[in-house]
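In what follows, a structure is listed as structure tokens, so that the remarks can point back to it.
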Amino acid sequence: MSEPADAANETSLASTGRGRPAGATRKGLETRLRIIRGAREALEEGGIEALTTRRIAASAGVKLATLHYYFDSKESLLIAVLEDLIAEMDAAYRQDVSLPSAPEDRVEALIRASWRYIQRTRGKQIAQTELTLYALRTKGSEWLAARQYNAYIDFYGHLVFEDDADEDLRRIGRAVARQMLIGIDGIILQSYALQDLSASNDDIEAHIIAMRGYLRRLLAERDRPR
């Protein structure tokens, strides 16, 4: 993590590595969570450039040595941030809507829940875009962008069907999830750039129609005699 010029005596997080386990204690788990939330706050308010060990430690209320103990690289901390964001999104979706049993209706309900969540979490959405761009721009960190998008695809893919134990259904769920993300990501950027809620709502309706049709086609192909 980048540091101010006068912080040469502070140990920078390594460019590679993974976060250390929090340990079995409740205090350890709480400390780790505070660090993750401090990193999220810095990322949402100031982007990747604001993600310094000094700022994160101050937000989390911990010493720099404690931060370095739990996370020995920027990437390991960003993975933890990503997991925390997805867990929060999952909880928000489940509280917001009870998913129908029919797959097409589930896809529609997921897109609508996603759009409601997006509208009330602008900072989080921009932070996630910042995370993707950082990973793509930083040599050696491209894997982080792939991990980020695979996490989103898994999240949506597992929710498309009530039971995705069948290999074909898992494949279809992931395919639909990829297309859902393509549309949602585009609508997010367009909505924030143009600030035209009416147009964005129309785009969501069009996306729902497209995703219902795409899922219907994939299921029909699966059931077609070979």
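Scanning region 91-103 for residues that are open to solvent by 40 Å² or more (accessible area, probe 1.4 Å) and either charged (D, E, K, R) or at pLDDT below 85 (or both) yields R94, Q95, D96, S98. As a summary of the residue check, G140 satisfies the conditions (1) at positive phi; (2) at pLDDT 95 or above except for the one numbered (2). Looking across K124, K74, one residue alone is open to solvent by less than 50 Å² (accessible area, probe 1.4 Å), touching a residue at least 60 places away in the same chain (Cβ under 8 Å) and over 26 Å from I182 (Cβ atoms). It is K74.
Residue count for region 1-60, restricted to those that are among the small types (G, A, S), assigned to a helix (DSSP H, G or I) and modelled with pLDDT of 55 or more: 10.
Taken over region 42-89, the criterion of being under 20 Å from T129 (Cα atoms), among the small types (G, A, S) and in contact with a helix residue (DSSP H, G or I) (Cβ under 7 Å, 6 or more places away or on another chain) is satisfied by A42, G47, A50, A80.
Of everything in region 175-204 that is of a type in the set (D, E, K, R) and open to solvent by less than 80 Å² (accessible area, probe 1.4 Å), the residue that is nearest to I126 (Cα to Cα) is D185. In region 162-174, the residues that are within 18 Å of R216 (Cβ to Cβ) reach residues that are aliphatic (A, V, I, L, M) and not in a loop (DSSP other than H, G, I, E, B) with C-beta atoms within less than 7 angstrom, at least six apart or across chains, in these pairs: I172/L218; I172/L219; G173/V160; R174/I153.
The number of residues in region 136-150 being in a helix (DSSP H, G or I) and out of contact with any Leu (no Cβ under 6 Å at 6 or more places or on another chain) comes to 9.
The values are calculated or read from the model by the stated rules, or taken from the named source; none is laboratory data. Since this is a predicted model, take the numbers as computed values, not measurements. A quick note on method: Cβ atoms are made from the backbone with ideal geometry, for glycine too, and the neighbour counts reach across all protein chains shown. Note: accessible area is taken over every heavy atom of the protein model, side chains too, but ligands, DNA and RNA are not part of it. Shrake-Rupley method; radii C 1.70, N 1.55, O 1.52, S 1.80 Å.
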